[in-house]
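Visitor: Would you mind keeping the following structure in view while I ask a few things?
The values are calculated or read from the model by the stated rules, or taken from the named source; none is laboratory data. This one's a predicted model, so the numbers in the text were calculated from it and none came from an experiment. Positions of Cβ are backbone-derived with ideal geometry, glycine not excepted, and every protein chain shown enters the neighbour counts.
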Amino acid sequence: MHGLFVLAYHVQHPSLCKPWMRARQRETLREIFVEEKRWREVLSWPKDRRLRQAAVDQLKEQPVGATDTPEVGHPIEGEMTVVDLGSTDSPDFPSEYPQRVESWAASLAEHRLL
């Protein structure tokens, strides 16, 4: 859940990321919400740390779409934000939290990709 939260947050705050990471975030949203792959699988890294570093190095070499992804972002009208997740003192926390994070990420994909 943390990985999906971080992805969504950085999609709405792209100035916090390098261009190669912004491009990867866009592709990750596409894999999850257009190709309908399970987000846990898309966001998982190989267990072997050397393979993880190799994957990062490959992403840095091929920043496909980096120029298409803005450096500065703002929520798009109708798009969910982190505020919509509620707080730890909400009556439905933590039971509703995972579904809200998934909805937030889906909202970003809908407003930014579809």
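Visitor: THR69 - would you say it is at pLDDT below 80 and either among the hydroxyl-bearing types (Ser, Thr, Tyr) or more than 15 Å from the chain's Cα centre (by Cα) (or both)? Show your work before the answer.
Guide: Details: at pLDDT below 80: yes; either among the hydroxyl-bearing types (Ser, Thr, Tyr) or more than 15 Å from the chain's Cα centre (by Cα) (or both): yes.
Here the answer is yes, as THR69 does meet what is asked.
Visitor: Another question, if that's okay. Please find, within the range 10-26, the residue that is modelled with the lowest pLDDT out of those that are within 20 Å of GLU79 (Cβ to Cβ) and surrounded by fewer than 16 Cβ atoms within 10 Å (Cβ to Cβ).
Guide: By that ranking, first place goes to SER15.
Visitor: Which one is surrounded by the fewest Cβ atoms within 10 Å (Cβ to Cβ) among residues in the range 34-49 that are under 19 Å from MET21 (Cα atoms) and at pLDDT below 75?
Guide: Only one residue fits best here, namely ARG49.
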